[in-house]
Structure formats: structure tokens, C-alpha cells
1. Under 8 Å for C-alpha pairs, at least 6 residues apart: give me the relative contact order for the chain, rounded to a whole percent.
2. Quick one: how many Å² of Phe22 are accessible to a 1.4 Å probe, rounded to 10?
3. In region 46-174, what percentage of the DSSP-assigned beta bridges are antiparallel, given to the nearest 5?
4. Excluding ligands, DNA and RNA, what is the solvent-accessible area per residue of the chain at a probe of 1.4 Å, expressed in Å²?
5. Across region 110-115, in residue order, what do the Karplus-derived ³J(HN,Hα) couplings come to in whole Hz, using 6.51 cos²θ - 1.76 cosθ + 1.60 with θ = phi - 60° and x for Gly and Pro?
6. Identify, among Leu9, Ile170, Ala96, the residue whose Cα sits farthest towards the positive end of the charge dipole of the chain, taking +1 on the Cβ of Lys and Arg and -1 on the Cβ of Asp and Glu, with the dipole about the Cα centre.
7. Among Gly130, Leu142, Asn63, flag the residue with its Cα farthest along the positive direction of the charge dipole of the chain, charges on Cβ as +1 for Lys/Arg and -1 for Asp/Glu.
8. Limiting things to C-alpha atoms, what are the Rg and the maximum Cα-Cα separation (Dmax) for region 49-146, in angstroms?
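The values are calculated or read from the model by the stated rules, or taken from the named source; none is laboratory data. None of these values were measured; they are calculated from a predicted model. Cβ coordinates were reconstructed from backbone atoms using ideal geometry, including for glycine residues, and neighbour counts include every protein chain displayed. SASA here: full protein model, heavy atoms, side chains in, ligands and nucleic acids out. Shrake-Rupley method; radii C 1.70, N 1.55, O 1.52, S 1.80 Å.
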Amino acid sequence: MKGSKKIILTWISIIIFLILLFTVYNQMERKEQTEEKATASTELHPIVEEKKNALLDAAADSNIELVITEEMRTIDSQNELYEQGRSTGGNIVTYAKGGQSYHNYGLAFDYALIDKHGEIIWDIHYDGNGNGKSDWFEVADLAKELGFEWGGDWNSKDYPHLQMTFGRSIEQLQEGLLPDENGN
Ligand SMILES: [Zn+2]
């Protein structure tokens with residue numbers, strides 16, 4: 001009888017030890033995940049970055065001088081931009097407050113063109129490569145082929161804007177449901 005009691009006590013100790021080990025491991029993993037979340041929105045999502053570079057290459061192949069004007073926007077700078085044309089001077093450029101734009105989560109960037117004089121332009125009719133098609137729309141088509149959503153297709157037009165949502169709504173992103181590095 002005494003021997004079997006010892007065995008039972010040994011087993012209970014082992015089980016308690018394993019539960020403790022599991023709990024500690026779980027907490028460490030959770031901490032890692034929240035740290036990832038905190039860093040996830042300081043730069044473009046790796047897939048968006050990769051596709052952005054593919055778009056730059058494709059535009060160059062079509063003799064279009066493409067420039068990326070804006071990538072990440074912090075929540076503070078988004079709020080500042082929102083005030084432009086409202087409480088501060090200038091034209092209204094965004095309808096999104098801080099946290100309401102895909103720019104705030106590294107899932108969007110804006111583009112423009114460079115003309116023959118090396119000037120940055122936002123002329124959607126400009127045909128710099130002389131193929132009879134607007135360069136701006138050519139870039140939009142190339143981007144859509146790469147899987148981007150284009151702001152020029154929206155009811156409230158945002159011609160420079162390209163984004164990849166990975167099926168996330170702004171509400172989900174605000175709750176911290178960011179896509180992982182594979183876009184899942
Ligand atoms: Zn944009």
C-alpha cells in the first residue's frame with residue numbers, strides 16, 4: 001500500500017509540473033504575439049512590400065516612371081492629415097481618422113508619376129510612354145493584376161491609393177486582428 005501511494009504522489013507531482021510548464025510556455029507565446037502586433041504596423045506588410053516592388057518593376061518595363069508617395073501612416077499622422085482642410089488649412093485629403101485607414105496597418109500605399117522634367121505629377125491623363133493610354137490607369141491595371149484594390153474604382157475616388165486588405169475590415173484591424181506574414 002505504501003509503495004503505490006508513493007507512485008501516485010510522484011505522478012501528481014509530474015502532472016502539476018507539466019501543467020506549470022505548459023502555462024509558462026503559453027504566456028511566453030502570447031507575449032511574443034502581442035509584441036509582433038505592436039511592430040506589425042510600423043512598416044508595410046511583407047506581401048504588400050513584395051507586390052509594391054513587383055509593381056515598380058512592371059511599370060519600369062512599360063516605360064512608366066512611377067513613384068511611391070506614401071506608405072505607412074501612423075495613427076497620429078493620420079489624425080493630422082484628417083484635420084487638413086477641416087481645422088487646419090488646405091484641401092481635404094482623407095475621410096479616415098487615425099486607425100480608420102489601411103495605411104495605418106501597413107496595407108496601403110499611394111502612387112504618383114514622374115514627368116519628363118523629373119517633376120512629380122498627379123495627372124491621371126498623362127501619357128508619358130506615348131502608347132495612347134493614360135499611364136495612371138496603366139499602373140492601376142498592373143496593380144490590380146498583382147492583387148491590389150485601387151481607390152480609383154471606388155465611388156469616392158482616391159486615384160493614388162492601392163491597398164491589400166487580406167479580407168480584413170477596418171473594425172477587425174482596430175481590434176488587432178492583423179494578417180500574419182503569409183496574409184492569413
Ligand atoms: Zn492612400
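1. RCO, the chain: 20 percent.
2. For Phe22, solvent-accessible area is about 130 Å².
3. The antiparallel fraction comes to roughly 90 percent.
4. Per residue, the chain has 65 Å² of solvent-accessible surface.
5. These are the phi-based 3J(HN,Hα) values: 10, 10, 8, 10, 10, 8 Hz.
6. Farthest along the dipole direction, towards plus: Leu9.
7. Leu142
8. That works out to 15.1, 43 Å for Rg and Dmax.
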